[in-house]
Amino acid sequence: MPKMNDNERDQVLQKNPHLKKYVDDVKKKMNEPVFYSALPYKVRDEEYPNLIYHGRGPIFIHIYKTRDMDEAEYHAIEPTLDKNEQLKHDEIQKLIVKLAPKKESIVTDEELKKVLQELIDEIILIDEKAVKPDFLEKRQFTKSKSGDIIKATSFQKKNIEYFLIKNVVGGGLTECFMRDPHIEDIHIVTGHKIHLIHKVFGMIKTNVEIGRDDGHRFARKLGEKMGAPVSEGRPIVDGILPDGSRGNIIYSDAISLKGPSMTIRRFTETPISVTQLIKWGTLSSGIAAYFWLCLQYGRSFFICGGTACGKTTTMNSIIPFIPPDKKIYTAEATPEMQVPHTVWQRLLTKTTGPEEGQVDLFDLLKAALRSRPEYIIPGEVRGPEGAIVFQAMQTGHPCMTTFHAGSLIKVIQRFTGDPINVPKTFMDNLDFVVIQLAIDRDGKLIRRVTSIDEIEGYNRELDGIMARNAFEWNPIKDDHHFKANRNSFILEEKIAKNAGYTDVSEIYLEYDKRKVILDRMVEKDIMDYYEVVQFIWNYYREGDKGISALLK
């Protein structure tokens, strides 16, 4: 169960004194928060949430709303340094500066983090009696081969190490958010409380603020981490942080009147599974079964919608439907695609350095055609590279990508107009278009696949594209309807016939079976991405035998 019992809660509090102190203070103002080992999606429906869950490392998050509050708030709970710990921290920081030149050269943040941890281990001598910094009285240190030694308790060491890594190589004031796997976006406006896009609670205000005096310094440091220095002469930059997150900085006060503003779109290490999206209602098990068949048999499609509607999340969740032995080629400006397959060629654009050394998405997609991949996945199509995607589809390479458009008509208009200029006669290389939207429903943001339209071909007489609505979302019932059931152009004409079905209607038996498999996974609460991958691939390798435990 995701909710902790009393014994589990007490163990967590005992291991994390900073959390215990916070909870003790909170209990003076409100009821004790409910502790969760995993955050269930249903808590978003609570009128007055009051809960704590664990991030990574020493970070905990308290989300609450009281009767006198207009909106819920997000409080990051992280270690604090008392006066004695701060003095030791400052002395250790000086010693690190002194000893660091003796270490090997550092290139990446990970290497810097590793060296910091090594130096901390060399400098700090664990002594559970060393509560106070004795060197403040004597101004002398214990000597060792590696240099000066400072005594500290194991608890003090843990706190000091967190702060050193947080401020030297981590995210500084945003480190607590970077350690919360539920965060999608971080929105920073200097002088105001930081706001987050939370996977469960949507937009939420935090207790962290970057002041006007610190805004420019923080923005410059963030720009350096992205390899995109920012200044008055270069006031707007985009880049990628070492962990893969995407950053945007608007630096100049002449442009951003409240001071520098920054947005960080978080990189998710473990993708959300398709069963989780089914459980959330983003798509149905029927839509997922449709994707499964289409990806097995190499169909091409686009997932389209507006910004932050979950296009990439949905794409990552369905990639495991590609058979495990296929070679996949991804080409991206930002590393967002997550592919579990063994043969995965992952390439990124390069927009820095000399012009002759720069590589854009157009270049990557041209290279893809020479690499003989079985699936090509451009991270997102925005410009002329869209023409290369259609060339790839024409040469028999299944392609799947995301695209900014709110309807099938808009997709066709944008691809056939400037700057992509794909001839209308080429549009039937695309099998179907998925539209996914972020919808405000009763004050809460939900993401839904609203339609799937199958493309049948080009009508020369009408000079238009013929399409068939396969799936449609019913906003009143909040469910999905398979309008093309027993009448799907893609399943019957593009898959069943090519797969050798003598009776094309038999494809629906396979569709129904896969829908049942997905429904059973949801019923059994199989939500972990890699566990879902294993069930899907077991079915590919062994058929019903591979998922016999699931079907019982």
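The values are calculated or read from the model by the stated rules, or taken from the named source; none is laboratory data. The shown structure was predicted, so the numbers you read here are calculated from the model rather than taken from an experiment. Neighbour counts run over all protein chains shown; Cβ positions are idealised from the backbone, glycine included. With ligands, DNA and RNA removed, areas are computed over all heavy atoms of the protein, side chains included. Shrake-Rupley method; radii C 1.70, N 1.55, O 1.52, S 1.80 Å.
Evaluate the following for VAL107: is it open to solvent by 40 Å² or more (accessible area, probe 1.4 Å), at pLDDT 85 or above and not in a strand (DSSP E or B)?
Values: open to solvent by 40 Å² or more (accessible area, probe 1.4 Å): yes; at pLDDT 85 or above: no; not in a strand (DSSP E or B): yes.
Judged against the criteria, VAL107 is not a match.
Here are the criteria: (1) closer than 19 Å to PRO58 by Cα; (2) open to solvent by less than 60 Å² (accessible area, probe 1.4 Å); (3) modelled with pLDDT under 90. Tell me which single one LYS114 does not satisfy.
Exception for LYS114: condition (2).
Can you pull out the residues in region 197-214 that are farther than 16 Å from ILE264 by Cα and open to solvent by 20 Å² or more (accessible area, probe 1.4 Å)?
Result: PHE201, ASN207, GLY211, ARG212, ASP213, ASP214.
Residues being open to solvent by 70 Å² or more (accessible area, probe 1.4 Å), farther than 21 Å from ILE412 by Cα and outside any loop (DSSP other than H, G, I, E, B): count how many of those fall in region 450-493. Quick ask: steps written out before the conclusion?
Step one: of region 450-493, the residues open to solvent by 70 Å² or more (accessible area, probe 1.4 Å) are 460-463, 466, 472, 476-477, 481, 483, 486-487, 493.
Imposing the further condition that a residue be farther than 21 Å from ILE412 by Cα reduces the set to 476-477, 481, 483, 486-487, 493.
Imposing the further condition that a residue be outside any loop (DSSP other than H, G, I, E, B) reduces the set to 481, 493.
Here the count works out to 2.
Could you run through region 416-449 and say how many residues are assigned to a strand (DSSP E or B), open to solvent by 10 Å² or more (accessible area, probe 1.4 Å) and either out of contact with any Ser or Thr (no Cβ under 7 Å at 6 or more places or on another chain) or among the acidic types (Asp, Glu) (or both)? Talk me through it step by step, then tell me what you get.
Within region 416-449, the first condition is being assigned to a strand (DSSP E or B), and the residues that meet it are 432-441, 444-449.
Now drop any that are not open to solvent by 10 Å² or more (accessible area, probe 1.4 Å), which leaves 437-441, 444-448.
Keeping just the survivors that are either out of contact with any Ser or Thr (no Cβ under 7 Å at 6 or more places or on another chain) or among the acidic types (Asp, Glu) (or both) gives 438-441, 444-446.
Looking only at that region, the number is 7.
Yes or no: ARG217 within 21 Å of HIS62 (Cβ to Cβ), out of contact with any His (no Cβ under 7 Å at 6 or more places or on another chain), open to solvent by 30 Å² or more (accessible area, probe 1.4 Å) and not β-branched (Val, Ile, Thr)?
Numbers: within 21 Å of HIS62 (Cβ to Cβ): no; out of contact with any His (no Cβ under 7 Å at 6 or more places or on another chain): yes; open to solvent by 30 Å² or more (accessible area, probe 1.4 Å): yes; not β-branched (Val, Ile, Thr): yes.
It is false that ARG217 is within 21 Å of HIS62 (Cβ to Cβ), out of contact with any His (no Cβ under 7 Å at 6 or more places or on another chain), open to solvent by 30 Å² or more (accessible area, probe 1.4 Å) and not β-branched (Val, Ile, Thr).
Just checking, does region 373-388 include any residue being open to solvent by less than 10 Å² (accessible area, probe 1.4 Å), touching a Ser or Thr at 6+ places or on another chain (Cβ under 8 Å) and farther than 18 Å from TRP344 by Cα?
yes
Determine the pairs where a residue that is on the phi > 0 side of the Ramachandran plot, located within region 408-431, has a partner that is buried (at least 20 other Cβ atoms within 10 Å of the Cβ) with Cβ atoms under 9 Å apart, the partner being 6 or more residues away or on another chain.
Pairs found: ASN421/GLY386; ASN421/PHE415.
So that you can scan it fast, the table gives a plain yes or no per residue for (1) under 30 Å from MET400 (Cβ atoms); (2) in contact (Cβ under 8 Å) with a residue 60 or more places away in the chain; (3) assigned to a loop (DSSP other than H, G, I, E, B):
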position: HIS195; (1), (2), (3): no, no, no
position: ASP214; (1), (2), (3): no, no, no
position: ILE249; (1), (2), (3): no, no, no
position: GLY259; (1), (2), (3): no, yes, yes
position: GLY286; (1), (2), (3): yes, yes, no
position: TRP292; (1), (2), (3): yes, yes, no
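Might you let me know whether region 40-55 holds any residue that is open to solvent by less than 60 Å² (accessible area, probe 1.4 Å), assigned to a loop (DSSP other than H, G, I, E, B), in contact with a Ser or Thr (Cβ under 6 Å, 6 or more places away or on another chain) and at pLDDT below 90? Steps first, answer last, please.
Taking region 40-55 first, the residues open to solvent by less than 60 Å² (accessible area, probe 1.4 Å) are 40, 43-44, 49-53, 55.
In the following step, the residues that additionally are assigned to a loop (DSSP other than H, G, I, E, B) were identified as 40, 49, 55.
When the remaining residues are screened for being in contact with a Ser or Thr (Cβ under 6 Å, 6 or more places away or on another chain), the result is none.
No, region 40-55 contains no residue that is open to solvent by less than 60 Å² (accessible area, probe 1.4 Å), assigned to a loop (DSSP other than H, G, I, E, B), in contact with a Ser or Thr (Cβ under 6 Å, 6 or more places away or on another chain) and at pLDDT below 90.
Looking at region 230-280, which of its residues are over 14 Å from the mean Cα position of the chain (by Cα), at pLDDT below 90 and open to solvent by less than 20 Å² (accessible area, probe 1.4 Å)?
Once the filter is applied, which keeps residues that are over 14 Å from the mean Cα position of the chain (by Cα), at pLDDT below 90 and open to solvent by less than 20 Å² (accessible area, probe 1.4 Å), region 230-280 yields GLY239, SER252, SER256, GLY259.
Does region 346-371 hold any residues that are open to solvent by 50 Å² or more (accessible area, probe 1.4 Å), touching a Phe, Trp or Tyr at 6+ places or on another chain (Cβ under 9 Å) and among the aliphatic types (A, V, I, L, M), and which are they?
Of everything in region 346-371, just one residue is open to solvent by 50 Å² or more (accessible area, probe 1.4 Å), touching a Phe, Trp or Tyr at 6+ places or on another chain (Cβ under 9 Å) and among the aliphatic types (A, V, I, L, M), namely LEU347.
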